[in-house]
């Protein structure tokens, strides 16, 4: 009987099959991935059910049309004097918050402009109401 100790070789991981499988997976995902532009997405914003239903006593109504026209408490106001109008109404009537009433087709550009103008006028509390 031979008492010679056999040395086993170090275990090795063969990386070549792993690289082959990963390459095939990458090609599969690239071929099946759908590339689309953000401007081509048809996004329908959700309806807002609760906004504006619990309005405080001191609330200023600011309506924004889909064409970018602004209306403060039912009176049409030019975009250039919107900030001054909001500041004046906030000082004279003690307004604490603004209720933004927007049309469903109003671009985000006009909504953002209205919210930014409210912040600049010192009216930080803004609620949003969707008009369908």
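Read-outs throughout are calculated quantities, based only on the coordinates presented, and are distinct from any laboratory measurement. All of these numbers come straight from a predicted model, not from anything done at the bench. All Cβ positions, even for glycine, are placed from backbone atoms using ideal geometry, and neighbour counts span all protein chains on display.
Label-to-label distance, residue 23 versus residue 76, with points set 7 angstrom from Cα along the beta-carbon direction: 6.8 nm.
So if I average 1/r over every pair of distinct C-alpha atoms in the range 59-131 and take the inverse, what Kirkwood radius in Å does that give? Computed over Cα pairs of the range 59-131, the Kirkwood hydrodynamic radius comes out at 11.8 Å.
Report the calculated FRET efficiency for residue 129 and residue 67 (r = Cβ-Cβ distance, R0 = 25 Å), to the nearest 0.05. Rounded to the nearest 0.05, the efficiency is 0.85. Taking 7 Å steps out from each Cα toward its Cβ at residue 119 and residue 33 produces label points 3.3 nm apart.
Using just the Cα positions, wrap the range 83-125 in a convex hull and report its mean projected area in square nanometres, one decimal place.
Values: hull surface 11.8 nm².
For the Cα atoms of the range 83-125, the hull's average projected area reads 3.0 nm².
Relative contact order of the range 59-131, taken over Cα pairs closer than 8 Å and 6 or more residues apart, is 37 percent.
In nm, to one decimal, how far is the modelled label at residue 10 from the one at residue 91, with both set 7 Å along Cα→Cβ? So the label points at residue 10 and residue 91 sit 8.1 nm apart.
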